[in-house]
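All remarks here apply to the structure that follows.
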Amino acid sequence: MTRILVTGASGNIGRMTLKHLLKRIPASDIVGLARDPDKAADLTAEGIEIRKGDYFDNEGLVRAFEGIDKVMLVSTHAFTDRNTQHENVINAAKQAGVKHVVYMPVIHNSDSGIKLPQVTDEDIFVEDKLKASGLTYTLMRHPPFLENIQGYVGGNPLEKGVFTPSGTGKAGYACRAELAEAHAVVLAEAGHENKSYSLYGDPAVSFSDIAQILSDISGKPVPFKEVSDQAYIANLVSTGMPEPAAGFVLTWVHCVNAGEWEGETGDLEKLLGRKPTTPAEFLRASYASLAHETHS
Ligand SMILES: NC(=O)c1ccc[n+]([C@@H]2O[C@H](COP(=O)([O-])OP(=O)(O)OC[C@H]3O[C@@H](n4cnc5c(N)ncnc54)[C@H](OP(=O)(O)O)[C@@H]3O)[C@@H](O)[C@H]2O)c1
């Protein structure tokens with residue numbers, strides 16, 4: 001029996017990974033980790049044991065990892081001392097006798113020299129720690145989430161248009177649910193030891209492509225316009241986003257525009273055994289009801 005623990009059970013990706021695991025292996029082989037197990041009560045109700053643990057509490061993590069063979073480390077938020085937290089998880093896994101750790105860095109292209117603040121260097125730190133730890137590892141490299149697009153284009157693009165800083169780069173976005181499904185495949189199956197996957201969605205799209213997709217969805221032209229960084233931040237702030245968060249979003253948009261996530265590996269499709277959801281399908285589902293409301 002292989003027991004698998006997934007951290008971040010109270011969050012999106014961790015919860016989705018656990019739910020996909022449940023479709024593949026018995027609940028008795030699955031454990032979730034949460035700072036507050038009550039926040040994962042829905043998973044307890046499905047028969048998944050939820051253990052309490054905080055990435056800052058090394059001893060608590062060692063206890064939580066007792067009897068566990070594989071750990072999926074769901075990365076914590078930027079700007080929260082990710083290095084200490086993630087290193088604690090790796091050290092505790094090693095101490096508790098865990099054999100295999102799966103981690104989800106954001107895809108980074110070392111040739112481009114582009115870095116996301118509080119993300120890229122911290123991801124490289126974890127990858128290096130994991131590889132040096134002697135633990136078996138699997139790296140599930142994530143592109144930006146399809147869910148992020150709505151944040152990147154801000155407000156109501158169907159009415160106002162898509163305004164982003166200049167650049168023609170495209171990104172191979174993927175949705176959280178399918179990334180989580182790919183995690184579950186790698187966790188439940190053998191054959192992914194010491195491998196790295198870059199989980200690009202397909203096709204990669206630019207912001208002008210997104211405006212075209214939104215035009216198709218709404219049935220009327222959605223203009224695309226390049227704006228200055230200042231105007232971009234001001235637009236996001238006008239939708240209620242705090243300025244520091246808008247500045248962070250801007251760094252992701254710069255990466256998209258520079259083509260940082262324009263790759264294609266087929267890894268996500270291979271792990272899912274089907275084509276991943278396209279940006280057009282995802283945005284149609286997200287915006288269809290809104291388009292209907294604006295027409296009526
Ligand atoms: N690829 C992308 O486009 C992209 C975009 C945004 C974020 N990300 C990364 O993807 C990660 C997962 O995304 P998500 O949507 O699942 O985020 P989420 O819903 O916010 O989940 C994050 C999880 O991490 C847990 N966590 C935070 N600090 C912790 C700590 N000290 N100890 C234990 N658990 C802790 C949270 O627990 P609580 O419920 O207790 O807070 C939550 O369960 C994010 O954290 C971020 O690193 C990627």
**OP:** Working only within region 58-86, note down all residues that are hydrophobic (A, V, I, L, M, F, W, C), in contact with a helix residue (DSSP H, G or I) (Cβ under 6 Å, 6 or more places away or on another chain) and within 8 Å of the ligand (Cβ to nearest atom).
**Re:** 74
**OP:** From (1) surrounded by 18 or more Cβ atoms within 10 Å (Cβ to Cβ); (2) part of a loop (DSSP other than H, G, I, E, B); (3) at pLDDT below 95; (4) touching a strand residue (DSSP E or B) at 6+ places or on another chain (Cβ under 9 Å), pick out the condition that doesn't hold for residue 235.
**Re:** (2)
Original post:
Restricting attention to region 89-107, which residues are near the ligand (Cβ under 9 Å from one of its atoms) and over 15 Å from the mean Cα position of the chain (by Cα)?
Top reply: 89
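Quick check: anything in region 47-56 over 18 Å from residue 30 (Cα atoms) and touching a residue at least 60 places away in the same chain (Cβ under 8 Å)? Full working, then the answer.
From region 47-56, those over 18 Å from residue 30 (Cα atoms) are 54-56; that's our starting set.
Filter once more, so that each one left must be touching a residue at least 60 places away in the same chain (Cβ under 8 Å): none.
No, there is no match, as no residue in region 47-56 is over 18 Å from residue 30 (Cα atoms) and touching a residue at least 60 places away in the same chain (Cβ under 8 Å).
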Subject >> Matching residues, region 211-232, being without any contact (Cβ under 8 Å) to a residue 24 or more places away in the chain and either surrounded by 15 or more Cβ atoms within 10 Å (Cβ to Cβ) or in contact with a strand residue (DSSP E or B) (Cβ under 6 Å, 6 or more places away or on another chain) (or both) >> reply: 212, 215
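Search region 31-48 for residues being in a helix (DSSP H, G or I) and within 21 Å of the chain's Cα centre (by Cα), and hand back the single one that is farthest from the ligand (Cβ to nearest atom).
Of region 31-48, the ones in a helix (DSSP H, G or I) are 37-45.
Restricting the remaining residues to those that are within 21 Å of the chain's Cα centre (by Cα) gives 39-40, 43.
Details: 39: 5, 40: 8, 43: 11 Å.
Within region 31-48, the match that is farthest from the ligand (Cβ to nearest atom) is 43.
Kindly establish whether residue 35 is among the charged types (D, E, K, R), at pLDDT 95 or above and in contact with an Asp or Glu (Cβ under 9 Å, 6 or more places away or on another chain). Walk me through it before giving the result.
Numbers: among the charged types (D, E, K, R): yes; at pLDDT 95 or above: yes; in contact with an Asp or Glu (Cβ under 9 Å, 6 or more places away or on another chain): yes.
The answer is yes for residue 35.
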Original post:
residue 55 versus (1) part of a helix (DSSP H, G or I); (2) near the ligand (Cβ under 10 Å from one of its atoms); (3) in contact with a helix residue (DSSP H, G or I) (Cβ under 9 Å, 6 or more places away or on another chain); (4) more than 18 Å from residue 134 (Cβ to Cβ): which is the lone unmet condition?
Top reply: (1)
Original post:
Counting just the residues of region 16-26 that are in contact with a strand residue (DSSP E or B) (Cβ under 8 Å, 6 or more places away or on another chain) and part of a helix (DSSP H, G or I), which one comes out surrounded by the most Cβ atoms within 10 Å (Cβ to Cβ)?
Top reply: 17
Original post:
For residue 148, are the conditions met, namely being of a type in the set (S, T, N, Q), under 26 Å from residue 18 (Cα atoms) and either within 16 Å of the ligand (Cβ to nearest atom) or assigned by TED's automatic domain parsing to the domain that holds residue 234 (or both)?
Top reply: yes
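The values are calculated or read from the model by the stated rules, or taken from the named source; none is laboratory data. Here the structure is a predicted model, which means the values were calculated and not measured. Reconstructed Cβ throughout: ideal geometry from the backbone, glycine too, with neighbour counts over all protein chains shown.
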